[in-house]
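The values are calculated or read from the model by the stated rules, or taken from the named source; none is laboratory data. Predicted model only: the values in this text are computed from it and were never measured. No Cβ is skipped: glycine too gets one built from the backbone with ideal geometry, and neighbour counts run over all protein chains shown.
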Amino acid sequence: LVNKEAAAEAVAADKAALSLPKEVTEDFVLPSTGKNASNITWKVEKTDHAILGEDGYSVDVVRAEKENVTVTFTAEIAMAGITDTKTFDVVIVKEALTNEDIVLSAIEALDIPNADAVKGHLSLPTEMEVEGTEKTASITWKSSDPDIISDKEVDGKAAGSREALIYIMHEERPLGCPTRRYYHVCLEGYQRFGFDAAVLEKALIDSVGEQEAEYLYKLHV
């Protein structure tokens, strides 16, 4: 027989020593006795992710697909009519992502800033960390028009870099009729990038006539 005082000390000691893992990924067994011979029984909040077996100690773990689940376990520690309780919050870790899941997550998170209004060089990422994992996804690119935006390093410039001349008409000018200053800018661009300047000159003649076009061209040279 154990007197009440000794039982109370044993229950208190076993309560202090009792522990459960903070996180689990597989089935586990709950302790049934304490180090000081107290009896331990368990209650588990109703959940589909931690199912207490008929023996009262084995736990079947069912991991969720998208998020961790926290389950509360309550232990009753008893000896010679002395009882106490202790609760534990145990995290049932979500299922590990497959490589396919990681790729899909990376695709969803991937973004090119201002992709609908590109005004200069782009810096395309070659890898990215996938949120919620310790995985890093590698990224390669394929451009539908490498002459405008490259999909690989070109002359020491990263993928996404390419020099191109973009002609933007002034809203307040007639279509095809640039200002003198703007014509000079366009002509310099044509010459710099090796475009056929005759195309620009013809467009200018069609817009303002040969005399005005010749005047503009002479101002440039």
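Numbers for the structure displayed
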| quantity | calculated |
| --- | --- |
| Every residue from segment 1-53 that is at pLDDT below 95, under 15 Å from residue 81 (Cα atoms) and of a type in the set (Val, Ile, Thr) | 2 |
| Conditions (1) within 23 Å of the chain's Cα centre (by Cα); (2) modelled with pLDDT under 80; (3) surrounded by 13 or more Cβ atoms within 10 Å (Cβ to Cβ): number failed by residue 150 | (1) |
| Some residue of segment 106-116 being outside any helix (DSSP H, G or I), polar (S, T, N, Q) and surrounded by 13 or more Cβ atoms within 10 Å (Cβ to Cβ) | no |
| Residue within segment 90-99 that is over 30 Å from residue 140 (Cβ atoms), more than 24 Å from the chain's Cα centre (by Cα) and not in a loop (DSSP other than H, G, I, E, B) present | yes |
| Where a residue in segment 1-25 is surrounded by 15 or more Cβ atoms within 10 Å (Cβ to Cβ) and its partner, wherever it lies, is in a strand (DSSP E or B) and small (Gly, Ala, Ser), with Cβ under 9 Å and at least six apart | 7/78; 11/78; 15/75; 18/75; 20/75; 24/50 |
